[in-house]
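Every number here is computed from the coordinates shown, using simple stated rules; none is lab data. These figures come from a predicted structure and were not determined experimentally. Note that each Cβ is placed from the backbone with ideal geometry, even for glycine, and that neighbours are counted across all protein chains shown.
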Amino acid sequence: MSAVDEKRASFQRYKQDVKDRGKPFYPFAMFHDTVMSVVVVSVIVGLACVWYYTSGSHDPGDCGTHKHPCYLGPRWAAKADPGTTNFVPRPDWYFYFLFYLLRIFKWPDSVILGTVGIPTILLIIAFALPFLDRSRERRLLRRPVAIVAAILVVLSMGVLTYKGATAKEALATELVAAVPKWSAAEGFGNNPTAVAGAKVFATAGCLNCHTYQGSGTSNLGAPDLSAEGTKKNATTLQSYIANPRQFGNPIMPPFASLGTTRLHQIATFLSVSKGAK
């Protein structure tokens, strides 16, 4: 008997088993689905009620008191400050694995692999799996390859999610605290404009892509700026930072919104940055 005939005979035996011992979708499976749907919706409604009735205060400071224990979090939080420089945006927890992949696969060499390549490959495998694995064997001990693959996927996702959840980002206050170290290394401590520019540089998001005296993160191919003063003068730097597009840089965003004063301070700071003394 050929492999095709064997599969056809096996399928016929399976259909006969279903007919002899199986249960029809209606009403059995439909009843089970309905009960499970009611349970899930009831849990969601219950959690919403617990959150609403334990967080009744309009003052976020009352959360955690005897009157408003806020078991599932406060109803109101502090007003958003659009001008803050300390907020570090992070994705929802179910994207932490991809968030951490971006730390492993950095631009420009492999960012496409981390953001598009790996997730797309995994999705293609997930879609193709039912067509590739057509075995009717469901006993775990007889599916070693499938079990090992599933365990590795779960472990990988779990580790990446944990690493993404615990990854630390440098806050602006921490970067500002590094300014004295930069000043000592570069020797611009006697230049108040350069010191002010270093503080603006630390809080304006420049170190999200650039590095300076060991601080910051190298992303998008952005260079280290510790010796930028050996390449450009203050006037050129100010124009460059305000609008990098006019200098042929399509990746760096313009920072003209910082204003002339702060742009001048940053440009002065970078112009006196000529490398560690």
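Region 108-135 and region 218-243 have Cα centres lying 39 Å from one another. So which lysines pass the test for K231, namely a Cα distance under 27 Å, with those fewer than 8 places away in the same chain ruled out? Leaving aside lysines fewer than 8 places away in the same chain, those within reach of K231 are K106, K181, K199, K274, K277. Let a ≥ b ≥ c be the square roots of the eigenvalues of the Cα gyration tensor of region 163-277; is it rounded (a/c under 1.5), or, if not, prolate (a/b larger than b/c) or oblate? Oblate. Projecting the alpha carbon convex hull of region 24-79 along each direction and taking the average yields 4.8 nm². Relative contact order of region 172-271, taken over Cα pairs closer than 8 Å and 6 or more residues apart, is 30 percent.
For the chain, what is the mean residue ellipticity at 222 nm derived from helices alone (per DSSP H run of n ≥ 4: -39500 (n - 2.57); sum divided by total residues; nearest 500 deg cm²/dmol)?
Details: 10 runs with 136 residues, N = 277.
For the chain, the value works out to -15500 deg cm²/dmol.
Taking a ≥ b ≥ c as the square roots of the eigenvalues of the Cα gyration tensor, an a/c ratio of 1.5 or more together with a/b no larger than b/c marks region 232-277 as oblate. Based on Cα contacts under 8 Å between residues 6+ apart, region 90-168 shows a relative contact order of 58 percent. Can you tell me which aspartates and glutamates have their Cα less than 19 Å from the Cα of K79? Leave out same-chain residues fewer than eight positions away. Here the aspartates and glutamates satisfying the reach criterion relative to K79 are D59, D62. Given a cut-off of under 8 Å on Cα pairs at least six residues apart, what relative contact order in percent is computed for the chain? Value for the chain: 14 percent.
Assuming R0 = 51 Å, can you tell me the calculated FRET efficiency for the pair W76 and A276, based on Cβ-Cβ distance, to the nearest 0.05?
On the way: r = 48 Å, r/R0 = 0.95.
Here the calculated transfer efficiency is 0.60.
Can you give me the span-like helices of the chain, meaning DSSP H runs with 30 Å or more of Cα extent along the axis and Kyte-Doolittle mean at or above 0.5? Span-like helices in the chain: 30-53, 144-166.
The smallest convex shape that holds all Cα atoms of the chain, its convex hull, gives 254 Å³ per residue. In terms of packing, defined here as the mean over residues of other Cβ atoms within 10 angstrom, the peptides 90-101, 211-222 line up highest first as 211-222, 90-101.
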